[in-house]
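Structure, as structure tokens:
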Amino acid sequence: MSFVEFDPSSLLLQVLGFEVDTINSVQFSNHTGYTHWKGQVLNAEELQEVYEGLKLNGVTQYDYVLTGYTRDSSFLTRVVDIVQELKRQNPRLVYVMSSRGRGCDYYYYYFSSCPIVCDPVLGDKWNGEGSMYVPEELLPVYRDLVVPVADIITPNQFEAELLTGRKIHTQQEAVQVMDMLHSLGPSTVVITSSDLPASRGSDYLITLASQRRVGEDGQIQTLRICFELPKVDAVFVGTGDLFAAMLLAWTHHHPNNFKLACEKTVSAMQLVLQRTITSARILAGPGVKPSYAQLELRMVQSRKDIENPELIIRGTVL
């Protein structure tokens with residue numbers, strides 16, 4: 001039995017114990033990795049109308065907000081207005097800005113469960129060349145309005161470079177870029193993927209995480225962690241949503257152990273992707289490249305790994 005579900009985040013969060021209210025920024029037939037898609041795009045006024053309905057029912061005392069893909073600057077600006085209003089109602093609200101696009105990060109999640117998670121979906125690199133897959137007018141909105149109100153952001157390397165105006169060629173430069181992003185507002189910054197060389201060779205990619213907290217002595221402490229992840233030879237859609245939601249959930253469950261939260265996040269990601277590519281190759285047959293339909297993330301089959309991931313990836317504190 002199957003059903004249409006293009007974004008994995010709400011299912012993941014529900015499995016991990018969150019009550020989720022979902023606002024779709026688009027209603028598409030399928031994600032845009034496919035050759036064709038049809039559907040509607042929610043505009044700023046329609047978003048406000050949905051939000052007003054929530055307010056009228058008195059159900060906007062949220063603890064987390066997670067945002068993803070959008071293509072419209074006015075819509076994105078309205079999201080910032082809503083986030084600021086929600087933070088006035090609950091100063092402990094966490095905003096998580098999730099990152100990655102290509103048609104699946106179309107959703108804005110409002111979680112009843114406590115910051116703001118934001119994915120600055122701007123673009124990515126293919127074969128070493130970066131390009132934006134949203135209008136360029138969104139960049140200053142993300143940089144000047146969205147990132148400053150976010151608590152957790154999850155850009156890829158290209159997006160981190162766009163937001164700071166700094167290129168990343170070395171791990172030291174990546175750390176400097178993460179520090180610049182911290183200075184804009186977010187306490188947690190994760191560069192979800194990069195083309196930095198891994199010590200384990202070209203079959204691995206680097207993920208870097210950084211968290212700033214005020215210590216018991218009142219001083220700001222920064223914890224930076226490096227992960228080397230096995231590359232998977234396939235293009236998936238929805239991994240940005242999945243990563244941001246996973247990070248939100250595990251930082252919630254392990255508020256005082258950022259390293260463990262990140263290890264559970266990247267380990268669960270790897271387990272889901274490994275199961276997905278194995279299944280897709282079986283469906284495609286020997287020597288045939290799997291299609292986007294065959295590469296849809298195997299979320300239901302990975303439920304046990306999502307609930308209790310085996311720590312197959314360990315981080316190194318920098």
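For region 199-318, the helices (runs of 4 or more DSSP H) that sit wholly inside it and include 2 or more residues that are over 25 Å from VAL65 (Cβ atoms) are 258-284, 303-307. Of all residues in region 202-217, those that are closer than 17 Å to GLN270 by Cβ have Cβ atoms under 7 Å from Cβ atoms of residues that are aromatic (Phe, Trp, Tyr), 6 or more apart or on another chain, in THR207/PHE227.
Hey, LEU139 hits all of (1) outside any loop (DSSP other than H, G, I, E, B); (2) surrounded by 23 or more Cβ atoms within 10 Å (Cβ to Cβ) but one; which does it fall short on? LEU139 satisfies every listed condition except (2).
Before we move on, is ASP179 among the acidic types (Asp, Glu) and either at positive phi or not in a loop (DSSP other than H, G, I, E, B) (or both)? It is true that ASP179 is among the acidic types (Asp, Glu) and either at positive phi or not in a loop (DSSP other than H, G, I, E, B) (or both). So is VAL147 under 21 Å from ASP63 (Cα atoms), modelled with pLDDT of 90 or more, among the β-branched types (Val, Ile, Thr) and not in a loop (DSSP other than H, G, I, E, B) or not? So VAL147 fits the description; yes.
The values are calculated or read from the model by the stated rules, or taken from the named source; none is laboratory data. Here the structure is a predicted model, which is why all the values come from computation and not from measurement. Cβ atoms come from the backbone with ideal geometry, glycine included; neighbour counts cover every protein chain shown.
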